[in-house]
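*Asks:* Got a structure for you, written out below as structure tokens; questions coming shortly.
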């Protein structure tokens with residue numbers, strides 16, 4: 001009797017061990033390099049499952065490239081992710097295991113695929129053709145072999161960025177050099193201090209820059225390689241990419257590169273090139289995902305009550321102007337002034353001209369008290 005019980009226990013223990021081992025092997029399945037794996041993707045049918053899985057692969061593989069819907073063009077929402085574009089961005093897609101049916105009738109799968117970075121780069125170029133390339137300003141503090149460059153002239157890292165990201169427009173900062181040197185005589189050494197960012201953003205207002213790259217590069221000589229005359233040079237690059245209009249951080253990256261050479265100048269340049277090239281794809285993806293073209297314009301409305309503003313749909317009229325991406329109320333007229341934040345593809349002066357062209361739609365006459373690139377102050381008079 002004891003022998004039978006022992007054999008039964010042994011059999012069940014074997015089954016349990018086999019099941020546990022199978023589960024473990026399933027969980028620790030060897031992953032193919034370069035693939036993005038997604039799990040528990042749900043949908044109504046197989047076509048829906050595949051589309052949702054590919055969207056998720058893009059999200060995970062490109063740092064939220066697909067925000068699910070839209071890029072704004074001419075003030076209208078336009079879907080940037082269609083079935084065809086997803087097909088172009090994801091390749092070698094395959095389902096992992098069978099489709100599962102949940103108790104609520106919804107289907108679920110696991111899947112894998114690779115992200116086509118070249119297709120994303122091409123799409124990025126097309127997008128900037130339609131919407132206009134962002135204008136970059138690069139301010140990188142450099143310490144080269146122990147010496148800091150505080151002249152604010154274009155350094156090695158800045159020149160390397162201009163070469164690497166040739167599809168973007170870079171502004172000449174020569175006119176800013178004197179102002180920056182006065183504000184930061186010892187270089188941009190304290191980038192961890194938020195006040196440094198605020199000061200820089202204040203200094204560059206009016207330059208036309210839409211994206212600011214600020215950072216530090218430190219290049220060191222690691223010494224000779226064995227007994228040769230060849231030295232190993234290392235670059236460590238740290239920087240942030242900011243949306244100038246909103247001060248929002250688009251990306252924050254650290255990278256490093258090592259380049260051996262007998263000539264210090266060539267070794268230094270080679271190490272910087274490797275550091276920036278290493279993260280160039282990720283930077284492009286982040287800019288594509290998070291930067292939206294346009295300027296943030298503060299519009300103040302005086303001489304109109306909130307009820308009249310609502311009845312005449314003033315916000316809606318402004319929103320319908322071609323090139324206006326969004327209109328948000330920041331003050332509802334409690335002090336007699338209604339304040340709106342308008343995101344548009346042009347400056348405040350151009351927006352004012354477009355509003356004047358639509359004055360009939362407002363049903364009220366208005367004139368400008370002040371118009372600047374980032375602010376408009378309108379005074380309304382009673383209409384007909």
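*Asks:* Take segment 325-338 and flag every residue that is modelled with pLDDT under 85 and under 17 Å from residue 366 (Cβ atoms).
*Replies:* Those that are modelled with pLDDT under 85 and under 17 Å from residue 366 (Cβ atoms): 333, 336.
*Asks:* Then there's this: All but one of (1) at pLDDT 90 or above; (2) outside any loop (DSSP other than H, G, I, E, B) hold for residue 203, so report the exception by its number.
*Replies:* (1)
*Asks:* Before we move on, is residue 303 on the phi > 0 side of the Ramachandran plot, touching a strand residue (DSSP E or B) at 6+ places or on another chain (Cβ under 6 Å), modelled with pLDDT of 85 or more and not assigned by TED's automatic domain parsing to the domain that holds residue 169?
*Replies:* Numbers: on the phi > 0 side of the Ramachandran plot: yes; touching a strand residue (DSSP E or B) at 6+ places or on another chain (Cβ under 6 Å): yes; modelled with pLDDT of 85 or more: yes; not assigned by TED's automatic domain parsing to the domain that holds residue 169: yes.
In short, yes.
*Asks:* Restricting to segment 349-361, what's the tally of residues that are over 14 Å from residue 322 (Cα atoms) and touching a strand residue (DSSP E or B) at 6+ places or on another chain (Cβ under 9 Å)?
*Replies:* The first filter runs over segment 349-361 and keeps only residues over 14 Å from residue 322 (Cα atoms), leaving 349, 359-361.
From what is left, the residues that are touching a strand residue (DSSP E or B) at 6+ places or on another chain (Cβ under 9 Å) are 349, 359.
Looking only at that region, the number is 2.
*Asks:* Tell me, which helices (runs of 4 or more DSSP H) lie completely within segment 276-384 with 1 or more residues that are farther than 29 Å from residue 240 by Cβ?
*Replies:* Fully inside segment 276-384 and qualifying: 306-311, 314-319, 348-357, 359-362.
*Asks:* Determine, yes or no, whether residue 241 is assigned by TED's automatic domain parsing to the domain that holds residue 205 and assigned to a helix (DSSP H, G or I).
*Replies:* When the stated conditions are applied, residue 241 does not pass them.
*Asks:* Can you tell me which residues in segment 266-310 are farther than 30 Å from residue 61 by Cβ and touching a helix residue (DSSP H, G or I) at 6+ places or on another chain (Cβ under 9 Å)?
*Replies:* Once the filter is applied, which keeps residues that are farther than 30 Å from residue 61 by Cβ and touching a helix residue (DSSP H, G or I) at 6+ places or on another chain (Cβ under 9 Å), segment 266-310 yields 268, 269, 295, 297, 298, 299, 301, 304, 308, 309.
*Asks:* For residue 40, state whether it is surrounded by 17 or more Cβ atoms within 10 Å (Cβ to Cβ), touching a strand residue (DSSP E or B) at 6+ places or on another chain (Cβ under 8 Å) and at pLDDT 60 or above.
*Replies:* Taking the combined requirement at face value, the residue does not satisfy it.
*Asks:* Which numbered condition trips up residue 281, out of (1) in contact with a strand residue (DSSP E or B) (Cβ under 7 Å, 6 or more places away or on another chain); (2) under 30 Å from residue 116 (Cα atoms)?
*Replies:* (1)
*Asks:* Continuing with this model, one more query. Looking at 157, 119, 111, can you tell me which residue is touching a helix residue (DSSP H, G or I) at 6+ places or on another chain (Cβ under 7 Å), at pLDDT 55 or above and surrounded by fewer than 16 Cβ atoms within 10 Å (Cβ to Cβ)?
*Replies:* 119
Yes/no per residue for (1) part of a strand (DSSP E or B); (2) in contact (Cβ under 8 Å) with a residue 60 or more places away in the chain; (3) under 27 Å from the mean Cα position of the chain (by Cα):
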residue	(1), (2), (3)
220	yes, yes, no
223	yes, no, no
233	yes, no, no
250	yes, no, yes
256	yes, no, yes
259	yes, no, no
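*Asks:* Here's another thing I want to ask about it. Residues of segment 86-108 being in a helix (DSSP H, G or I) and either at pLDDT 65 or above or in contact with a helix residue (DSSP H, G or I) (Cβ under 7 Å, 6 or more places away or on another chain) (or both), which ones?
*Replies:* Going residue by residue through segment 86-108, those that are in a helix (DSSP H, G or I) are 86-89.
Once the filter is applied, which keeps residues that are in a helix (DSSP H, G or I) and either at pLDDT 65 or above or in contact with a helix residue (DSSP H, G or I) (Cβ under 7 Å, 6 or more places away or on another chain) (or both), segment 86-108 yields 86, 88, 89.
*Asks:* Just one of 313, 263 is closer than 25 Å to residue 144 by Cβ, surrounded by fewer than 19 Cβ atoms within 10 Å (Cβ to Cβ) and either out of contact with any helix residue (DSSP H, G or I) (no Cβ under 9 Å at 6 or more places or on another chain) or free of Cβ contacts under 8 Å to residues at least 12 places away in the same chain (or both); which is it? Reasoning before the result, please.
*Replies:* On the way: 313 fails: closer than 25 Å to residue 144 by Cβ.
Answer to the check: 263.
The values are calculated or read from the model by the stated rules, or taken from the named source; none is laboratory data. Owing to the predicted nature of the structure, the values given are computational and were not obtained by experimental measurement. Quick reminder, even Gly has a Cβ in these numbers, built from the backbone with ideal geometry, and neighbours come from all protein chains shown.
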